[in-house]
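J.: First the structure, which I've put down as structure tokens, then a few questions once you've had a look.
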Amino acid sequence: FDFELTEAMYERFWKFSFVRGVNYKLNRMIIFSILMIFGPTPLLFDLIYYGVLYGNHLDVLEFYDWILALFCLTISSLYLYRYFFGGQSLFRKTPQMHAHFTYEFDQEGVKVNTVSGFSSHQSEFKYSLIKKIYETDDAFYIMITNRSGYVVVKSGLIEGNLTAFRITLKQALHKKYALCR
């Protein structure tokens, strides 16, 4: 695999890493539904019940009621903000990510060559060090730890075909390989 990492590719990886898993699209929909419902609900309840139905008696609410309502709204807003804008800002702030990547997979591991405007780096790791590899419609996401990973874009395939590559990964990784829907 040989490709340039673009902001759009990194942003897809960023969004996938928030709700990664085999059913990541379903998980994302469930989490967003929960955030959209339970984030503003305490504040809306306070405003509607005590402000409208109870006869404009918002002064009945204690300080902790307001803190709880604003806390739920703030946490859900921060999570959604990080999901939608965190990948873009991190990619723009880190110029080392604007790099040319070359991946070589064999029976024992992966060799990664990175060349950017600042430096070049070569690393190699065995399949036993990989936590999990996820395959989506357009890329493979190699997770080394829970918080770090590599993006391998399918369109960057130079040699071989994707079917043979999948078979190699399944044989080498067994349960550490996941095909996402």
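The values are calculated or read from the model by the stated rules, or taken from the named source; none is laboratory data. What you see is a predicted model, and the numbers here were worked out from it, not measured in a lab. Every residue, glycine among them, receives a Cβ derived from its backbone with ideal geometry; neighbour counts consider all protein chains shown. Accessible surface is based on the protein model in full, side chains and every heavy atom, while ligands, DNA and RNA are left aside. Shrake-Rupley method; radii C 1.70, N 1.55, O 1.52, S 1.80 Å.
J.: Keeping to the stretch 139-165, report how many residues are open to solvent by 50 Å² or more (accessible area, probe 1.4 Å) and in contact with a helix residue (DSSP H, G or I) (Cβ under 6 Å, 6 or more places away or on another chain).
T.: The total comes to 0.
J.: Related question: May I ask you to say which residue of 58, 26 is aliphatic (A, V, I, L, M) and touching an Asp or Glu at 6+ places or on another chain (Cβ under 8 Å)?
T.: Within the list 58, 26, the selection yields 58.
J.: Any idea which of 48, 31, 75 is touching a helix residue (DSSP H, G or I) at 6+ places or on another chain (Cβ under 9 Å), loosely packed, with under 14 Cβ neighbours inside 10 Å and among the β-branched types (Val, Ile, Thr)?
T.: Sole residue among the options that is touching a helix residue (DSSP H, G or I) at 6+ places or on another chain (Cβ under 9 Å), loosely packed, with under 14 Cβ neighbours inside 10 Å and among the β-branched types (Val, Ile, Thr): 75.
J.: Could you list, in sequence order, the residues of the stretch 112-124 that are at pLDDT below 85 and in contact with a Lys or Arg (Cβ under 9 Å, 6 or more places away or on another chain)?
T.: none
J.: I would also like to ask the following. Give 23, 56 a once-over and let me know the one that is open to solvent by 50 Å² or more (accessible area, probe 1.4 Å) and either in contact with a Pro (Cβ under 8 Å, 6 or more places away or on another chain) or under 23 Å from residue 138 (Cα atoms) (or both).
T.: 23 is the lone residue from the list that is open to solvent by 50 Å² or more (accessible area, probe 1.4 Å) and either in contact with a Pro (Cβ under 8 Å, 6 or more places away or on another chain) or under 23 Å from residue 138 (Cα atoms) (or both).
J.: Wholly within the stretch 73-181, which strands (runs of 3 or more DSSP E) include no fewer than the required count, namely at least 2 residues that are closer than 18 Å to residue 9 by Cα and in contact (Cβ under 8 Å) with a residue 12 or more places away in the chain?
T.: 99-105, 109-116, 132-135, 139-143, 149-153
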